[in-house]
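Only one structure is covered here, and it is reproduced in the block below.
The values are calculated or read from the model by the stated rules, or taken from the named source; none is laboratory data. Please read these numbers as outputs of a predicted model, since none were measured by experiment. As a convention, Cβ positions derive from the backbone with ideal geometry for all residues, glycine included, and neighbour counts pool all protein chains shown.
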């Protein structure tokens with residue numbers, strides 16, 4: 001185990017893959033980490049079931065030559081630690097570049113179990129989804145049951161260039177809209193607003209859109225949606241780099257997360273209302 005943040009500090013946990021901590025993830029982390037007392041904790045999870053399998057007498061691996069050979073647990077452990085160090089290097093370089101306090105930790109266990117354990121006392125959780133499917137969408141959606149202020153799923157195949165889709169309810173300013181606007185300015189991606197404003201909120205929504213456009217943001221205000229169902233949101237998120245929305249509690253968020261992770265390639269950020 002590497003250096004870790006003291007348990008007394010507020011933490012934003014980043015579950016890392018070896019090659020998947022990209023620019024979008026660190027920009028989102030910077031938006032979420034609004035308190036100077038918050039520490040960004042990079043967490044690399046070693047797959048305990050894979051190591052257990054490597055200890056089995058009949059376990060084999062295929063070499064680059066195409067030949068098979070016994071799968072040695074110690075060699076696999078060294079390979080996992082090498083991956084962890086690659087993840088640590090990318091994570092620490094990114095966190096230092098944007099000036100965020102950070103620490104790094106290695107855990108061993110089942111991927112989802114370790115994420116749930118990490119989320120139990122964290123302010124927020126960022127899950128870097130890499131090339132391997134370490135958990136199905138339904139398993140990842142279960143993280144919505146944790147009382148996190150922010151839950152972000154970063155995608156390995158981020159569609160650079162946007163747009164950023166923000167799902168906005170009502171006409172009043174919201175935290176998802178604030179974060180989306182700030183990110184759109186920083187990364188210079190277009191912003192698309194999907195909203196369910198009632199007739200009395202329409203004028204306020206148009207005024208907010210005009211204000212954001214005047215600050216240089218390329219903003220598209222989509223027609224109001226009758227219902228913000230997972231299917232409706234997924235339809236507009238299919239060509240998005242990032243979708244941002246308000247958390248409405250596990251019964252609502254779980255099917256939404258599962259659907260969006262299964263049907264789109266967009267990264268997904270849910271923000272809990274304070």
Hey, can you tell me all the residues within the stretch 194-210 that are part of a loop (DSSP other than H, G, I, E, B) and either surrounded by fewer than 18 Cβ atoms within 10 Å (Cβ to Cβ) or in contact (Cβ under 8 Å) with a residue 60 or more places away in the chain (or both)?
196, 198
Residue 162 passes all but one of the listed conditions (1) surrounded by fewer than 17 Cβ atoms within 10 Å (Cβ to Cβ); (2) closer than 15 Å to residue 269 by Cα; (3) modelled with pLDDT under 90; the exception is number (1)
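Kindly indicate whether any position in the stretch 83-104 is under 14 Å from residue 48 (Cα atoms), touching a helix residue (DSSP H, G or I) at 6+ places or on another chain (Cβ under 6 Å) and at pLDDT 85 or above.
Going through the stretch 83-104, the residues under 14 Å from residue 48 (Cα atoms) turn out to be none.
Within the stretch 83-104 (the criterion being under 14 Å from residue 48 (Cα atoms), touching a helix residue (DSSP H, G or I) at 6+ places or on another chain (Cβ under 6 Å) and at pLDDT 85 or above), the answer is no, since none of the residues qualifies.
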Restricted to the stretch 240-259 and to residues being modelled with pLDDT of 90 or more and part of a loop (DSSP other than H, G, I, E, B), the residue nearest to the chain's Cα centre (by Cα) is 241
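Name the residue, out of 183, 177, 191, that is modelled with pLDDT of 95 or more, surrounded by 21 or more Cβ atoms within 10 Å (Cβ to Cβ) and not assigned by TED's automatic domain parsing to the domain that holds residue 26. Working first, answer last.
On the way: 183 fails: modelled with pLDDT of 95 or more; 177 fails: modelled with pLDDT of 95 or more.
Every option except 191 fails the conditions.
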Against the definition (over 23 Å from residue 248 (Cβ atoms), assigned by TED's automatic domain parsing to the domain that holds residue 30 and surrounded by fewer than 16 Cβ atoms within 10 Å (Cβ to Cβ)), how does residue 134 come out, yes or no?
no
Complete set of residues in the stretch 216-231 that are within 27 Å of residue 255 (Cα to Cα) and not in a loop (DSSP other than H, G, I, E, B):
220, 221, 230, 231
